[in-house]
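What follows is a short report on a single structure.
The values are calculated or read from the model by the stated rules, or taken from the named source; none is laboratory data. Computed from a predicted structure; not experimentally measured. Note: ideal-geometry Cβ built from the backbone for every residue, glycine included; neighbour counts use all protein chains shown. For accessibility, only protein heavy atoms count, side chains too; no ligands or nucleic acids. Shrake-Rupley method; radii C 1.70, N 1.55, O 1.52, S 1.80 Å.
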Amino acid sequence: EEDLQTRDDDPIIFARTLHTLIDRRLLTARGGEGETARLVDIALEALISDWPLLHKWIYEYRGAEQPRRRLEAAARRWEELERAGGLLDPVELAKTQRWLAQRDSSEVGGASASLAALIETSAAYNRRRTLLVIAALLTVVLVIGMAGWFWQQSRMAETSAHSAAQAAITEAYI
């Protein structure tokens with residue numbers, strides 16, 4: 001039931017409309033009334049096939065509804081993990097942001113507060129991880145550069161010592 005209501009819906013009007021459709025047996029509901037896990041289904045296939053506009057809406061919004069349900073499930077999983085795991089990786093985050101930018105996403109309810117928090121937290125985590133990877137790579141480059149410089153200094157010292165020894169030997173023979 002909670003998946004049917006968007007943020008912008010008036011809760012009282014939504015509840016009245018839903019109850020009217022259930023009372024008139026156009027929709028069926030499983031689970032207790034008021035439960036967040038109550039499942040609502042269309043009671044009659046004829047309702048879809050004989051109501052062309054409803055059929056069109058279902059067809060048009062199916063593509064936006066499926067990602068919304070998947071993302072809301074990810075947000076619920078993140079909440080169940082007490083926000084300690086289950087963040088979106090960079091690829092999932094990019095897909096989510098592209099979906100949210102589409103007009104269809106807002107028409108099926110957009111992002112809930114929990115999903116918005118998951119997106120924000122995932123983006124911050126991915127930015128921090130990217131910065132850590134860059135810092136690690138820069139550290140490796142710096143260490144390799146310093147090792148090369150020390151090796152070059154060592155070789156130059158060896159060459160200078162060898163040249164000085166050669167000069168001393170040459171001068172001893174003269």
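Just to check your reading of the model, which residue among Ala29, Ala84, Ala43, Ala75 is of a type outside the set (D, E, K, R) and within 14 Å of the chain's Cα centre (by Cα)?
Details: Ala29 fails: within 14 Å of the chain's Cα centre (by Cα); Ala84 fails: within 14 Å of the chain's Cα centre (by Cα); Ala43 fails: within 14 Å of the chain's Cα centre (by Cα).
Just a single option satisfies the conditions, and that option is Ala75.
Has the stretch 160-174 got at least one residue that is over 30 Å from Leu47 (Cβ atoms), at pLDDT below 90, aromatic (Phe, Trp, Tyr) and open to solvent by 90 Å² or more (accessible area, probe 1.4 Å)?
There is at least one residue in the stretch 160-174 that is over 30 Å from Leu47 (Cβ atoms), at pLDDT below 90, aromatic (Phe, Trp, Tyr) and open to solvent by 90 Å² or more (accessible area, probe 1.4 Å).
Could you please find all residues in the stretch 1-16 being modelled with pLDDT of 85 or more and surrounded by 14 or more Cβ atoms within 10 Å (Cβ to Cβ)?
Across the stretch 1-16, the qualifying residues are Phe14, Ala15.
Can you find a residue in the stretch 17-26 that is modelled with pLDDT under 80, part of a loop (DSSP other than H, G, I, E, B) and loosely packed, with under 10 Cβ neighbours inside 10 Å?
Within the stretch 17-26, the first condition is being modelled with pLDDT under 80, and the residues that meet it are none.
Looking through the stretch 17-26, none of the residues is modelled with pLDDT under 80, part of a loop (DSSP other than H, G, I, E, B) and loosely packed, with under 10 Cβ neighbours inside 10 Å.
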